[in-house]
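*Asks:* Got a structure for you, written out below as structure tokens; questions coming shortly.
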Amino acid sequence: MPSLRLGTRGSPLALTQAAMVKAALVAAHGWTGDAVETVVVRTTGDKVQDRALAEIGGKALWTKELDRALLEGEIDFAVHSMKDVETIRPTEIAIAAMLERADVRDRIIGAPSVEALPHGAQIGTSSPRRAAQLKYLRPDLSILLFRGNVDTRLAKLEAGEADATMLAAAGLARLGRHDVGSAVPVDTMLPAPAQGAVGIECRAADTGTRALLAAIDHGATSRCVMAERALLAALGADCHSPVAALAQERQDKVTLRAMLYSEDGSARVEGSAEAAIGDSDFAATLARDLLNRAVPAIRRLFAA
């Protein structure tokens, strides 16, 4: 029985997701619980809570300390929310597995729906995607910066700092908060790329650990999330880029829907593409089509 060190952030949601991965590995291989040790690594994203991620380094704030621990051999693999993982990763690190994806939708807390928000309501969010989508649907809304873990954001809302906020349904469910807020249909707000997916990374050259992690990989989730990440890469998207995307498998086909927004939500371009499972080019083709049809206020937010 191996002795593996699992690296994770220390937030309640991160620890819950790490426990899910540990339980899946133990079950898949018939190990006892002491085969996997959980190592908490504090990240810059956890330390800095008063500024938007895009202003202080982007998604690397969630991963760089875990990357360092992984590459220096302090941990054997790391668990991430895949939507928080930068599109371009170090070549020495491999995405080895993903758990089955949970609910991809957003949930709105403070109102039964986006349509039901009072005129001029203030919405707390740190997501450029959610901010742009909300402004596109409701130009009268005001957006306030909300950062922090789930409990922090809910406490800010309870204290009256905003009229409503939005959180990922998957994160709420994993924390046992199934009854918090109302789910927003994907036809109203398409989710962030990779939303709802938990990913596991290890050193690319560590073939033994990669083989062990492969046993808990959910193939359809991995393929769909990788298609969404391929779209981001082809767009040249970063933390400033309001982009929504969702890939879904049906029989032997994968369909990818995507929407790009201007920062203020005044403009949107959308499209979709379908391909056979295993096609590695269709996401980039969709990205080119979207950028070709986008107005300058959208195109300038993407580096492609």
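The values are calculated or read from the model by the stated rules, or taken from the named source; none is laboratory data. The shown structure was predicted, so the numbers you read here are calculated from the model rather than taken from an experiment. Reconstructed Cβ throughout: ideal geometry from the backbone, glycine too, with neighbour counts over all protein chains shown.
*Asks:* From the list Ala247, Ala233, Ala258, Ala303, pick out the single residue that is in a strand (DSSP E or B) and over 16 Å from Tyr136 (Cβ atoms). Write out each step before concluding.
*Replies:* On the way: Ala233 fails: in a strand (DSSP E or B); Ala258 fails: over 16 Å from Tyr136 (Cβ atoms); Ala303 fails: in a strand (DSSP E or B).
Ala247 is the lone residue from the list that is in a strand (DSSP E or B) and over 16 Å from Tyr136 (Cβ atoms).
*Asks:* Then there is this: Cβ-Cβ below 6 Å, separation at least six or inter-chain, first residue in segment 255-267 and farther than 15 Å from Ala192 by Cβ, second part of a strand (DSSP E or B): which pairs?
*Replies:* From segment 255-267, the pairs are Thr255/Gln248; Thr255/Glu274.
*Asks:* Just to be sure I understand, how many residues within segment 63-93 are over 20 Å from Ala234 (Cβ atoms) and over 17 Å from the mean Cα position of the chain (by Cα)?
*Replies:* 14
*Asks:* Go through segment 3-118 and tell me which strands (runs of 3 or more DSSP E), entirely inside it, have 3 or more residues that are surrounded by fewer than 16 Cβ atoms within 10 Å (Cβ to Cβ), modelled with pLDDT of 95 or more and among the polar types (S, T, N, Q). Break it down into steps so the answer makes sense when it comes.
*Replies:* Working: elements: 4-8, 36-40, 77-81, 93-98, 106-109.
Because the criterion is at least 3 residues that are surrounded by fewer than 16 Cβ atoms within 10 Å (Cβ to Cβ), modelled with pLDDT of 95 or more and among the polar types (S, T, N, Q), no strands (runs of 3 or more DSSP E) in segment 3-118 meet it.
*Asks:* Right, next: Consider Ala276 carefully, then state whether it is surrounded by fewer than 15 Cβ atoms within 10 Å (Cβ to Cβ), free of Cβ contacts under 8 Å to residues at least 40 places away in the same chain and in contact with a strand residue (DSSP E or B) (Cβ under 8 Å, 6 or more places away or on another chain).
*Replies:* Taking the combined requirement at face value, the residue satisfies it.
*Asks:* Quick test for you: out of Leu190, Leu212, pick the one residue that is assigned to a helix (DSSP H, G or I) and not assigned by TED's automatic domain parsing to the domain that holds Leu291.
*Replies:* Details: Leu190 fails: assigned to a helix (DSSP H, G or I).
The match here is Leu212.
*Asks:* In segment 1-41, how many residues are acidic (Asp, Glu) and touching a strand residue (DSSP E or B) at 6+ places or on another chain (Cβ under 9 Å)?
*Replies:* 1
*Asks:* Being in contact with a strand residue (DSSP E or B) (Cβ under 8 Å, 6 or more places away or on another chain) and β-branched (Val, Ile, Thr) is the filter here; which residues of segment 174-192 pass it?
*Replies:* Once the filter is applied, which keeps residues that are in contact with a strand residue (DSSP E or B) (Cβ under 8 Å, 6 or more places away or on another chain) and β-branched (Val, Ile, Thr), segment 174-192 yields Val180, Val184, Val186.
*Asks:* How many residues does segment 119-147 contain that are in a loop (DSSP other than H, G, I, E, B) and touching a Lys or Arg at 6+ places or on another chain (Cβ under 7 Å)?
*Replies:* 3
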